[in-house]
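The values are calculated or read from the model by the stated rules, or taken from the named source; none is laboratory data. Model, not experiment: these values are computed from the prediction. Reconstructed Cβ throughout: ideal geometry from the backbone, glycine too, with neighbour counts over all protein chains shown. Only protein heavy atoms, including side chains, enter the accessible area calculation; ligands, DNA and RNA are left aside. Shrake-Rupley method; radii C 1.70, N 1.55, O 1.52, S 1.80 Å.
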Amino acid sequence: MSIPIVVFLLLVSSTLAITYWSARRSVGRAGAYTAGGNITAFQNGLAVTGDFVSAGAILGSVALFFVAGVDTAIFYISPLVGLCLLLIFLAKPLRELGQYTVGDVLSAKLPHPSIRIFAAFSTIVLSQLYVVAQLVGAGNLFSIVFNIEYEQAVAVVVVLIVIYVAFGGMLATTWVQIVKAALLIVGVFLLAALALEKAGGMAELFELAENAYGSPLGAFGGAGMSVFSSASLAAALVFGMLGMPHLLIRFLTVPDVKAARRSVVISAVLIAIVLGILLLVVGPATLAFVKDQAVFQSVDGGIRGGSNMILLHLSSALGGELFFGVIAAVTFSTILAVVAGLTVAMSSSAARDIFSVVWPASAENSERLELIVFRSAAVVTTLIAALLSLALQNENIAYLSALSFGIAAATNFPILILAIYWDKLTTKGAICGGASGLSAALFLLVLGPTVWVQLLGNSEPVFPSNYSTLISTPLAFSVAYVVSKLDHRHS
């Protein structure tokens, strides 16, 4: 049995042990949805780090650097701005108003059942797309390590996620994220240290990278995006941070507002360190030690396993089979943790914001039925994401992740901000605004280059960009404002 497989099995065994431990302590609805609100600020800060630094950050962004150089800085810097805004505008009201889901926060300001259903719908849609991005990375990674087909690899990941969420709930998810975040930080530091040692220093590493890249790394334009696309992508990553449900519900797992704010600060510092090292050291190292190396190329001249696997090839180049196994296992744990958090967000919304509203049960049965729906939803939503990941196997993970952030920026973000800070927002305004933002984001996504050209086979895209946040987010705000004003006038 190879070293990478042994490391993988050890990691999976440890996470299953965490799930078993958590399942015995996760009691009732509060335990399944928010770990009983007993997570400390430091623990939650680590968990948020584990939740945010996903396959898109650790695999997709490094792969984009391999192609576009420092153009990809937008993928690293923008989310940090979003975290700062989250600390300023949402951390306090989220903890004060929320109980289990984003729907709880909205219904505290807009007490109508329809707002819960809309919140659940938007949560499920954008979380599904983000889960697909993680499963693409997990499937490719698992298939390389175990030498199995991509479809089989995705099936294994789905089984593990269902076990984590259905049996361990948020407590298991949180501790898997904490362990993963610690391993990730250590792994990134080791990658950077070995890269600098092999190159002989930072200046030498940049020189090697620029020679392989063929131009200075500071020469922007490698991503080939227009000014509109770049600005829209930045807006998606900034404001999407304030609308991603799996990140927002993390602030419902701590006991009070002070702990929620402290956890944001801790996560921001840790995320900045990790992303900074990936951008300044690991990204250039992939060019220096992976580009044009025959051992990492497939028969057609591309990267073996696809561009998303460049980070894994770098670990092999720097530390051989043992280090490859360690980084592969850490990356896999990253994906498991993020998907588990997303699945908790989707399942809790389905159970609390849809089922409990549409089919209210008696007081003695409501919690038991909610938990049944929660576990069933974990299975269904994960299976749907797995099927979608089969069609998007070769897409860049960072790109897929950015799309989900764009949808969050056009739906949850406008409605949350307006609900919290504008007293005249009405239920009709919130639903119409969120629905218009969601519809615009999805409609323009279909008309954009990736879906309209690459997936549907048309010659030219109808909408020239993959990112529509500069259109869909202002539209959501505008519609919510106008409809609320008309609603008040009609009343």
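With all pairs of different C-alpha atoms in the average, the Kirkwood value for the hydrodynamic radius of segment 1-98 is 17.0 Å. Extending 7 Å from Cα along the Cβ direction at S226 and again at I384 yields two label points whose distance is 3.2 nm.
Among the DSSP helices (H) of the chain, those spanning at least 27 angstrom by Cα along their long axis with an average Kyte-Doolittle hydropathy of 1.6 or more are 3-23, 169-199, 257-277, 310-348; this is a geometric and hydropathy rule only. Model label points for Q297 and L85, set 7 angstrom from Cα along the Cα-to-Cβ axis, are 4.3 nm apart. Applying 1/(1 + (r/R0)^6) with R0 = 35 Å to the Cβ-Cβ distance of Q152 and F443 gives a FRET efficiency near 0.50. Accessible surface area normalised per residue over the chain is 37 Å², counting heavy atoms of protein chains with a 1.4 Å rolling probe.
When Y76, Y20 are compared by accessible area of protein heavy atoms, the largest-first order is Y20, Y76, using a 1.4 Å probe. A 1.4 Å probe over all protein chains sorts L336, L418 by accessible area into L418, L336, starting with the largest.
Dividing the summed -39500 (n - 2.57) terms of all DSSP H runs of n ≥ 4 by the residue count of the chain sets its mean residue ellipticity at 222 nm at -23500 deg cm²/dmol. The fraction of accessible area contributed by carbon and sulfur in segment 150-240 is 72 percent, rounded to a whole number (1.4 Å probe; ligands and nucleic acids excluded).
When D104, D256, D300 are compared by accessible area of protein heavy atoms, the largest-first order is D300, D256, D104, using a 1.4 Å probe.
For the chain, the number of Lys pairs with C-alpha atoms closer than 14 Å, counting only pairs eight or more positions apart or on separate chains, is 5.
When only Cα pairs below 8 angstrom with a gap of at least 6 residues are kept, the chain shows a relative contact order of 30 percent. Apolar share of the accessible surface for segment 1-114: 68 percent from carbon plus sulfur atoms, 1.4 Å probe. Compared with the alpha-carbon gap, the fully stretched path from I3 to F189 is longer by 64.9 nm at 0.36 nm per residue. Nonpolar atom fraction for segment 390-441, defined as the carbon and sulfur part of the 1.4 Å probe accessible area, stands at 59 percent. In this calculation the C-beta distance from R25 to E204 is compared with R0 = 41 Å, giving a FRET efficiency of 0.20. Each Cα pair under 8 Å and six or more residues apart adds its separation to the average, and for segment 253-409 the resulting relative contact order is 15 percent.
Near Y213, within a Cβ-to-Cβ distance under 13 Å, what is the net charge of the other residues, with Lys and Arg +1 and Asp and Glu -1? In short, -3.
The simple Förster model, with R0 at 41 Å and r as the Cβ-Cβ distance, assigns S478 and E367 a FRET efficiency of 0.55. Amide H contacts of Q297: R304, each under 5 Å away and 5 or more positions distant or on a separate chain (H built 1.01 Å from N in the peptide plane; Pro and chain starts excluded).
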